[in-house]
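The structure appears right after this line, and notes come after that.
The values are calculated or read from the model by the stated rules, or taken from the named source; none is laboratory data. Being a predicted model, the structure only gives us computed values, none of them experimental. Positions of Cβ are backbone-derived with ideal geometry, glycine not excepted, and every protein chain shown enters the neighbour counts.
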Amino acid sequence: MPHVTRHPTEDIVVFGEHEPKVIDQIVRCVRAEDGARGVLAADGHFGYSAPIGANLAYREHVSPAAVGYDIGCGNLAVRTDLREDDLRPSLAPVMDRIFSEVSFGMGRNDGTAGDHPVIDRIRSEGVPIQRELRKTAAKQLGTVGAGNHYVDLFGDENGDVWVGVHFGSRGFGHRTATHYLDVAAREGGRPAKYAGGSGEMEAPPDLLRVGTAAGDEYLAAMRLAGDYAYAGREVVVAQVLGILGARELDQVHNHHNFAWREEHDGEPYFVVRKGATPAFPGQRGFVGASMGEPAVILEGVDSELSASALYSTVHGAGRAMSRTAAAGKSIRKWTCTNRDCDWTQPPRTRKPAACPVCGHGKLAKRLVRLKEGSIDWAATTADLRAQGIELRGANAEEAPGAYKRLDAVLAEHEGTIRILHTLRPLGVAMAPGDVQDPYKD
């Protein structure tokens, strides 16, 4: 049976069980405006300013912090005319091509992305900070980035092949968000410091009033960043369809970091979903799992519980442990390149002219392990191979063991959604663990 509770003092509905600090975050967000409502989905976990899995309904405000840095992050799933039995013999080389041809880094240099209509809109419609970012936007359109972002191939219960992607608005959205986080901080009487990278996980959920210049400008900028994210996902899926030699038969596309103008219980609200999927009756959504477990295509159903959930559901399985807990902690340090010398740069020291132990003149920066993680990555990859899943890239941070089980979190939302398709992973492509991407979240 689903575990659904109501907060004793605030208008908050909670699906599943969560750490006290996660509950404290959503309470703080709801208390930011009189009459606000909140819902915490079962995949929720601690996040920046607002928890992942938060659904916040404000009457007169929007929260840039709750929308988050990756404006318009979301999922796109496309059912193809390709059959799993036909793909299976060539699955490995197909995944090799996807991994080598789709950009999981910071940008692309083939010159095609800058021709997209959304780039023209940034040049003509974007607020000043966005127009300044048009070159970055053009370079990064159609790049997936790192972290938990992916390009996957799936097989459904009918033997059809699906393409699924998960990522957002890249540096264009991140820098748009950073700008308006500073605007919201100033509006709230706090110092603007996000542009300098000083934002904190426990930062207040600063709001912008809709109807003011700052609030309306943010909404316009957010919507354009959302359209950019939509376009990027469509570019990548089209690229993968070209590799597969397949046609699109059906599409399910949704944001899960965004704000919408909606009506609930006859009242108008601005609903911010941070790591949560809209699920109005009949509305479909693509919800991913970890790399070793099935994803789903679901749709919302009409019920009292659905209404109390603000017609929202999970966006994924949700993390069970932090990235550091999963993979351990490593840092880049200067090391000696002499194979017979194990010198590594001590903490809080400068690079020496030569190795202070053996005198070798060539030093190189390498990742040095400071703390071991809980995930056995070699065992994880072996298990995926045994399941017939072709993995490219990724690391222990994104291992199945670092996540909750999707079927368990979906069970907590029973009565609000129904599953239309179950998508088994066939191939998973993610950025390698050493890819440096400041826009991965």
*Can you tell me which of Val22, Val27, Val39, Val78 is within 25 Å of Ala225 (Cβ to Cβ), at pLDDT 95 or above and either out of contact with any Asp or Glu (no Cβ under 8 Å at 6 or more places or on another chain) or surrounded by fewer than 19 Cβ atoms within 10 Å (Cβ to Cβ) (or both)?*
Val39
*asked:* I need the full set of residues from the range 119-133 which are within 14 Å of Ala229 (Cα to Cα) and either surrounded by fewer than 22 Cβ atoms within 10 Å (Cβ to Cβ) or assigned by TED's automatic domain parsing to the domain that holds Ala231 (or both), in order please.
replied: Ile119, Arg121
*Looking only at the range 260-275, decide whether some residue is in a helix (DSSP H, G or I) and surrounded by 15 or more Cβ atoms within 10 Å (Cβ to Cβ).*
no
*strands (runs of 3 or more DSSP E) completely within the range 1-50 that count 1 or more residues being touching a helix residue (DSSP H, G or I) at 6+ places or on another chain (Cβ under 7 Å) and over 25 Å from Ala295 (Cβ atoms)*: 12-15, 37-45
*Check Arg97, Arg79 and return the single one that is assigned to a helix (DSSP H, G or I) and touching a residue at least 24 places away in the same chain (Cβ under 8 Å).*
Arg97
*Does Gly38 fit the bill of being within 22 Å of His264 (Cα to Cα) and without any contact (Cβ under 8 Å) to a residue 40 or more places away in the chain?*
yes
_Those strands (runs of 3 or more DSSP E) lying entirely in the range 287-356 with at least 2 residues polar (S, T, N, Q)_ = 312-314, 328-336
*Look at the range 1-19 and say how many of its residues are more than 24 Å from Arg405 (Cβ to Cβ) and surrounded by 21 or more Cβ atoms within 10 Å (Cβ to Cβ).*
1
*May I ask you to verify whether Asp86 is among the acidic types (Asp, Glu) and either modelled with pLDDT under 95 or in the same structural domain as Ala203 (by TED's automatic domain parsing) (or both)?*
no
*With respect to the numbered conditions (1) at pLDDT 95 or above; (2) more than 18 Å from Tyr228 (Cα to Cα), which one is the sole condition not fulfilled by Arg186?*
(1)
*Quickly run through the range 61-76 and pick out the residues that are β-branched (Val, Ile, Thr) and in a strand (DSSP E or B).*
Val62
*asked:* It is to be established whether one or more residues within the range 53-69 are assigned by TED's automatic domain parsing to the domain that holds Ala295, within 14 Å of the chain's Cα centre (by Cα) and within 30 Å of Glu157 (Cα to Cα).
replied: yes
*Determine whether the range 349-361 contains at least one residue that is small (Gly, Ala, Ser) and touching a residue at least 40 places away in the same chain (Cβ under 8 Å).*
no
*Does Arg385 count as part of a strand (DSSP E or B), of a type in the set (Lys, Arg) and closer than 20 Å to Pro294 by Cα?*
no
